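This report refers to the structure that appears directly beneath it.
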Amino acid sequence: MSLFDGIIAAVAAVVMFLYGLQGFSQELQSVGGQALREWLPRVTTSRWRGFLIGAGATAVVQSSSAITALAVSLVDAGVITFRGSLGILLGANVGTTTTAWLVSFKLTGIGPIFIVAGALLSALPFRIRTWGKAAFYFGLIFFALDLISSELKPLQNEAWFRDALLRARTPWLGVLVGLLFTALVQSSSVTTGLAILLVQQGMLPPEAAIPLVVGSNLGSTSTALVASIPMAPVARATAVTNFLFNLAGVLLFLPFLGAFSAAMLGHAGEPAMAVALAHLCFNLAIAGLFLASLGWVEPRLRAWLKLDAGAQ
């Protein structure tokens, strides 16, 4: 296979991964979307419960972009309040780290099992058919990751590819690449999954992968920002707040990313695990910081974003 064919095959595998993520998210939302809309207003009165809901829903759906966009749309519809959405946004950032852990544990081999099981369940009648479709797409996510891994292996012999990856060792450049790539593909799971696969193959050092996954958090906010454009001001403010939370996290960590990466590698030992651990610790730290200070932060956000006192 030529280099061009290999690159096209790798890109096709990434597209398949994205398709699997979108399909999985849509199927699960079709199963529980209405119940979620009825339940959220009651549970989001507490920032901590909202955080747990955001983390749990994102871990299941495997897409923080989907959950944050859903939260913004629910604020726009008046189903949940601006304050009630903030815990969900912070929780979604933590929930999205599950993909990194699954890849770091080398569980991508489960893909074919879920694809076959999902296809069989999809042939059955009633509600189980929808669960079968969800299982199929879940398997497709990890089957695609396996394909990506296989297609990228020949590139490790290409000097230009190795040099490009090593440039991510510079923290600010790695963060920027992670941000732009995630905004382009509209999924931080793609960025973190690829980064960990490259670390497992020895093509990318963990010190370069960690800035990429940190930048992916900021890039993932683009989905909600774009979705909120035609919505009410309070919904747009929710999307902007999600961006500000992640921007603050990146700016706080950026000066210390080198030391942070070394600490994660020293603690985890195994390089891929260190990247997954860094992703989790980064998001937990930011969520903890803002959840603890939400009473002080929220009024200032309202003032800065020019939200009326009567706005939800």
Restricting attention to region 169-218, which residues are open to solvent by less than 40 Å² (accessible area, probe 1.4 Å), under 14 Å from T96 (Cα atoms) and in a loop (DSSP other than H, G, I, E, B)? S187
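Residue by residue through region 243-269, note down the ones that are among the small types (G, A, S) and under 22 Å from the mean Cα position of the chain (by Cα).
A248, G249, S261, A268
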Would it be correct to say that A144 is in contact with a Phe, Trp or Tyr (Cβ under 7 Å, 6 or more places away or on another chain) and modelled with pLDDT under 80? yes
Listed by first then second residue, the pairs whose first member lies in region 285-309 and is farther than 13 Å from R83 by Cα, whose partner is surrounded by 10 or more Cβ atoms within 10 Å (Cβ to Cβ), with beta carbons under 6 Å and at least 6 positions apart or on separate chains, are I286/G249; A287/L90; A287/V94; L305/A237
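The values are calculated or read from the model by the stated rules, or taken from the named source; none is laboratory data. Fair warning: this is a prediction, and the values are worked out from it, not measured in the lab. Using ideal geometry, Cβ is built from the backbone for each residue, glycine included, and neighbour counts are taken over all protein chains shown. Each accessible area value is taken on the protein alone, full model and side chains, heavy atoms only, with ligands, DNA and RNA left out. Shrake-Rupley method; radii C 1.70, N 1.55, O 1.52, S 1.80 Å.
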